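Engineer: Here it is: the structure, laid out below.
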Amino acid sequence: MTSKRDTKSKSKKAAGRSRAVTPAEMQAGGAASSAALGPLESAVYRSDWRASLKYRDHVAVMSARREHELMVRQLQEQAMAAVAKSSAAGKTHARSSFAALRRRAAQDIEDEDVDTGRSAKTAPEAVTAGRVAARLLFARQIDAQPGLADAIRSGSPVVVVDVPHAELFNRLIRNWKDVVLPPSTRFLQAAAGGAGGDREQYDAVYVIAKEAIKPRERDGMQDMALAVVSLALPVFAFSPLGATHLPEAFLRASRHRIEIPRLDPDTIARTVRIVTGRPCRDLLDAATAAMLGPDELVIAVRFDRSPAECMAELRRLAADKTATPSASDLTLDQLHGMDEAVAWARSTIVDLAAWKRGEIGWDAVDYAAVLNGPPGTGKTTFCRLFAEAAGIPMVSATLARWQSSGEAHLGHLLRAMRQDFEKARSQIPCVMFIDEVDSFPNRAKLTHSYKEYQIEVVNAILSEIYAHPGLIFLAASNDITRCDPALVRAGRLNRIIQVPLPDLADLGMMFRVRLGRDLAGADLDEVCELALGGAGADVERIVKDARRYARHQGRPLVAADLRKAVVVEDDRPEELKRRAAVHEAGHILMDVLFYGPDNVHANITAMGGNGGAVVRTDGPRLVGDHEDYFLRLQMLLAGRTAEEVVFARASHGAGGSAGSDLERATGVAAAMVASFGLAGPRPLLYLGARDQREELLAHADVRQAVNEELTKAAAACRRLLEIHRPALEAVADRLMAVGRIDGAAVADAIRRHPAVIASGSGPASTRQEPNLTSKAPAFVELQPADDAASGGSSPVGGVR
């Protein structure tokens with residue numbers, strides 16, 4: 001049997017191990033942390049260190065007690081076995097011995113409780129890492145303002161505390177009170193309706209505002225704040241953002257505003273040391289620390305682990321967030337191909353922080369923007385990540401969702417719209433995001449019988465989008481030209497950010513981000529060239545499919561899985577695939593002849609409804625005269641014309657849908673005739689903007705002139721393709737063999753297969769010499785009417 005002395009010895013040894021570090025050692029710099037402790041943070045550190053030590057001692061004693069009880073139980077079982085074997089005459093003596101044994105064990109446990117000063121009713125509370133970190137951060141921010149701690153203890157300051165991060169906010173409001181004031185302090189929690197108590201009954205007042213003040217609450221909150229300030233007691237006002245969540249009286253009365261930052265390496269190291277009781281010789285890097293919150297600290301940092309084990313667990317939790325990121329867990333820095341949008345986000349986040357600090361007015365913040373680009377390019381994802389990076393909520397809405405809120409009745413739609421905007425205003429600072437904003441049409445162009453309904457809808461959203469401090473408006477569109485001009489004017493969604501399809505470099509970085517640690521040394525150039533013309537959503541799908549192939553076969557991911565995922569939809573017959581190769585060969589051949597071999601690529605990957613694509617990632621800068629647009633027409637018609645040259649007839653692949661080669665060529669020609677003044681019988685007559693092709697083509701003479709321009713361009717293109725037919729066939733063969741080709745390989749095919757010029761054939765255009773140099777002509781940038789970066793949606797392919 002273990003004696004009482006043995007039990008006490010074990011508990012003292014366990015407690016002794018937990019006393020390996022003292023607060024004095026912490027001040028002396030025994031840990032790896034680099035920042036010195038301020039006086040209040042040092043006091044909080046010592047207090048939490050002692051509380052943690054007390055808890056660890058209690059755990060050690062209780063562990064020894066349980067061990068003691070287990071040994072007693074074992075002896076009891078042995079005694080019971082002896083009773084079973086004893087004779088009838090000896091049963092009474094055995095029972096007596098057993099009862100004495102139980103009394104002695106109970107006395108040992110009672111003596112131990114008396115000696116240690118503990119009982120089940122007074123067990124110390126566990127010191128969690130989340131609590132410790134929140135208190136340290138709060139104390140540090142008070143230390144950062146000289147004299148604030150003394151003012152709180154001896155005066156009546158109003159202290160506004162902004163805690164923008166939800167996890168920290170919830171931890172801090174439960175654990176802040178004894179950071180700067182003694183535990184005996186009598187606190188009054190004030191709320192709307194007044195101070196709610198006699199001044200003599202309290203020593204300090206605090207307010208917790210989790211939501212922004214609603215207009216109908218503003219007067220009541222202001223009255224409460226005035227009543228609280230008039231008590232002349234220390235006041236603490238906690239909120240995610242005081243500028244929007246607290247009444248004006250607190251903001252005007254406060255000369256002390258502090259903001260609780262995210263976790264940093266020093267705070268994490270000190271938290272580990274307090275909870276474990278042992279020195280933390282390791283520091284996380286700043287990027288890893290920024291990814292962690294109080295919840296991760298509670299999961300990873302426990303008293304029963306060593307500091308090294310805690311740090312390893314924290315790194316694992318951080319790595320889990322970045323190992324295989326999807327669109328749901330990317331960061332702004334990982335949105336490749338969206339440079340303009342990310343730059344706007346960074347700038348706006350800086351200005352938003354300055355506005356929160358009261359350094360600038362809301363009119364200095366660039367608070368509204370529209371992202372315009374093809375589907376799948378990450379516009380919606382960007383808006384979500386912007387809100388996350390800014391640390392503010394986001395309310396998302398679409399016209400379709402508002403319409404579905406009732407029975408499509410106008411009143412129901414407008415009510416749903418107002419509710420979402422009111423919800424966003426109640427959470428400021430907040431992002432109000434409107435997806436598919438091009439669903440709100442230009443009122444001047446509405447001619448159908450229910451136009452009054454749509455006009456009311458557009459009028460309603462226009463009335464909701466106005467400068468409101470703390471409210472950022474973001475919208476996404478596939479074609480911003482369809483929107484009502486009033487929606488994108490100055491003061492509303494005036495900043496239009498173009499989001500193009502990614503180029504090769506951007507695709508490579510997108511694949512790397514989504515692959516995480518997989519295929520770290522693999523060459524992804526082939527996969528990127530095959531995926532060129534796709535969007536970020538296509539990259540997401542390709543990586544997901546590739547992982548599934550490898551997982552189902554029970555092996556690691558290999559590069560071949562990615563290639564298979566790119567062409568997974570290509571179940572076309574050989575004849576159709578050959579036609580797609582000839583089609584794209586025609587496009588890229590003409591592109592290289594006109595603008596040179598750099599930055600242009602073609603593939604015949606069946607993706608997104610297309611049979612292939614030609615993409616020039618850095619377009620030439622041109623003058624914008626008739627010749628430039630005439631070359632553009634030839635390039636757009638080259639796919640269809642190449643089919644005629646090789647197969648003697650064209651397929652439907654160049655037309656049939658919006659964004660197809662014929663649709664875009666018709667738009668360019670219409671702008672040349674009726675908007676740019678570059679072609680047609682009356683070039684000086686302006687009939688409309690270049691993007692209003694339906695209105696331009698409403699005139700019969702314009703349609704005739706457009707057809708003439710298209711016919712001439714097709715004829716010129718045919719002559720060039722016929723004299724370069726050997727090169728055309730070679731490029732098509734290469735596409736059939738490997739599925740892709742770049743401009744350099746096309747230029748090489750042109751050199752290896754000299755042009756065959758038939759006698760009597762005229763020039764294809766005024767630029768007769770092919771441009772096979774590495775530089776395109778440098779003039780003014782050309783911006784034709786159709787130059788949105790999207791390709792045809794036909795089963796054959798298109799130029800982009």
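Engineer: Provide the gained length on full extension for the span residue 522 to residue 50, in nm with one decimal, where the gain is 0.36 nm per separating residue minus the Cα-Cα distance. Intermediate values should be presented prior to the final figure.
Structural biologist: Details: separation 472, 0.36 × 472 = 169.92 nm, distance 5.28 nm.
This chain segment gains 164.6 nm when fully extended.
Engineer: Then there is this: Quick one: if you stick a label point 7 Å off each Cα along the C-beta vector at residue 259 and residue 496, how many nm between them?
Structural biologist: 3.3
Engineer: Which pairs, out of 177/423; 210/356; 577/712; 214/451, put more than 24 Å between their alpha-carbon atoms? Provide the component values of the computation, followed by the final result.
Structural biologist: On the way: 177/423 32 Å; 210/356 16 Å; 577/712 29 Å; 214/451 35 Å.
Violating the 24 Å Cα-Cα cut-off are 177/423; 577/712; 214/451.
Engineer: Please give the contour-minus-distance gain from residue 548 to residue 446: 0.36 nm per residue of separation, less the Cα-Cα distance, rounded to one decimal in nm. Intermediate values should be presented prior to the final figure.
Structural biologist: Working: separation 102, 0.36 × 102 = 36.72 nm, distance 4.76 nm.
Here the segment from residue 548 to residue 446 would lengthen by 32.0 nm.
Engineer: Sticking with this one: Please identify which residues in the stretch 567-604 have an amide N closer than 17 Å to a label point set 7 Å out from the Cα of residue 339, following the Cα→Cβ vector.
Structural biologist: Under 17 Å, as judged by backbone N against the label point of residue 339, lie 599-600 of the stretch 567-604.
Engineer: To continue, here is another question. Placing +1 at every Lys and Arg Cβ and -1 at every Asp and Glu Cβ, with all other atoms neutral, what dipole size does the stretch 271-313 have around its Cα centre, in debye to the nearest 20?
Structural biologist: The calculation lands at about 240 debye.
Engineer: Now, a different point. Setting aside same-chain residues fewer than 8 positions from residue 564, which aspartates and glutamates have a Cα under 18 Å from its Cα?
Structural biologist: Cα-Cα hits under 18 Å: 518, 523, 525, 526, 529, 538, 540, 545, 574.
Engineer: What is the sum of charges, Lys and Arg at +1 and Asp and Glu at -1, for the other residues whose Cβ falls under 9 Å from the Cβ of residue 185? Spell out each step's value before the answer.
Structural biologist: On the way: positive: 177, 186; negative: 178, 203.
Residues close to residue 185 contribute a combined charge of 0.
Engineer: Just grab the label-to-label distance for residue 187 and residue 306, each label 7 Å out from Cα along the Cβ direction, in nm (one decimal).
Structural biologist: It is 3.9 nm.
Engineer: Then there is this: Report, ordered by chain and residue number, the aspartates and glutamates lying within cross-link reach of residue 54, taken as a straight Cα distance under 12 Å and ignoring same-chain residues fewer than 8 apart.
Structural biologist: 125
Engineer: While we're here: Pop out the carbon and sulfur fraction of the accessible area of the stretch 563-654 as a percent, whole number, probe 1.4 Å.
Structural biologist: 46
Engineer: Related question: Under 1.5 on a/c is rounded, so check that first for the stretch 470-518, then, if it is not, pick prolate when a/b is larger than b/c and oblate when it is not; a ≥ b ≥ c are the square roots of the alpha carbon gyration tensor eigenvalues. Write down the numbers at each step before the final one.
Structural biologist: On the way: a/c = 4.15, a/b = 2.31, b/c = 1.79.
It is prolate, given that a/c is not under 1.5 and a/b is the larger ratio.
Engineer: Let me ask something additional. Keeping all protein chains in position, work out how much accessible area residue 313 exposes to a 1.4 Å probe, and write it in Å² to the nearest 10.
Structural biologist: Its heavy atoms expose roughly 40 Å² to the probe.
Engineer: Which one of 303, 261, 283 is farthest out on the positive end of the charge dipole of the stretch 252-319, using unit charges on Cβ (Lys, Arg +1; Asp, Glu -1) and the Cα centre as origin?
Structural biologist: The one lying farthest along the dipole's positive direction is 261.
Engineer: Continuing with this model, one more query. For the stretch 168-258, which whole-number percentage of the solvent-accessible area (1.4 Å probe, protein heavy atoms only) is attributable to carbon and sulfur atoms? Walk me through the numbers on the way to the answer.
Structural biologist: Details: 2000 of 4400 Å².
C and S atoms contribute 45 percent here.
Engineer: Calculate, for the stretch 481-548, the solvent-accessible area per residue in square angstrom, rolling a 1.4 angstrom probe over the heavy atoms of the protein chains.
Structural biologist: Details: 2820 Å² over 68 residues.
With all protein chains present, the stretch 481-548 gives 41 Å² per residue.
Engineer: Also: So, in nm, how far is label residue 621 from label residue 422 when the simple model puts each one 7 Å beyond its Cα toward the Cβ?
Structural biologist: The answer from the label model is 5.3 nm.
Engineer: Using the heavy atoms of the protein chains and a 1.4 angstrom probe, tell me the accessible area per residue for the stretch 293-415 in square angstrom.
Structural biologist: Numbers: 5310 Å² over 123 residues.
Spelled out: the 1.4 Å probe surface of the stretch 293-415, per residue, equals 43 Å².
Engineer: Then there is this: Accessible area per residue, 1.4 Å probe, Å², for the stretch 217-273: what's the number?
Structural biologist: Numbers: 2130 Å² over 57 residues.
Each residue of the stretch 217-273 exposes 37 Å² on average to a 1.4 Å probe.
Engineer: Further, regarding this structure: For residue 71 and residue 512, what is the calculated FRET efficiency with R₀ set at 56 Å and r taken between the beta-carbons, to the nearest 0.05? Display every interim value, and only then the final one.
Structural biologist: Details: r = 59 Å, r/R0 = 1.05.
So the FRET efficiency works out to roughly 0.40.
Engineer: Next question. Would you mind calculating the gained length between residue 354 and residue 177 on full extension (0.36 nm times residue separation, minus the Cα-Cα distance), in nm to one decimal? The partial results should precede the final answer.
Structural biologist: Working: separation 177, 0.36 × 177 = 63.72 nm, distance 2.87 nm.
So the chain would gain 60.8 nm between residue 354 and residue 177.
Engineer: Here's something else I'd like to know. For the stretch 607-704, state which trypsin sites (Lys or Arg not before Pro) are in a DSSP loop and have at most 13 other beta carbons lying within 10 Å of their beta carbon.
Structural biologist: In loop regions of the stretch 607-704 (DSSP not H, G, I, E or B), the sparsely surrounded trypsin sites (Lys or Arg not before Pro) are 649.
Engineer: What Rg and what Dmax come out for the stretch 357-460 when only alpha-carbon atoms are used, in angstroms?
Structural biologist: According to the Cα coordinates of the stretch 357-460, Rg and Dmax are 15.8, 51 Å.
The values are calculated or read from the model by the stated rules, or taken from the named source; none is laboratory data. Keep in mind that this is a model prediction, so the values were computed, not measured. Backbone-built Cβ (ideal geometry, glycine too); neighbour counts: all protein chains shown. Ligands, DNA and RNA are stripped out before the accessible areas are found, and what is left, the full protein with its side chains, is counted by its heavy atoms. Shrake-Rupley method; radii C 1.70, N 1.55, O 1.52, S 1.80 Å.
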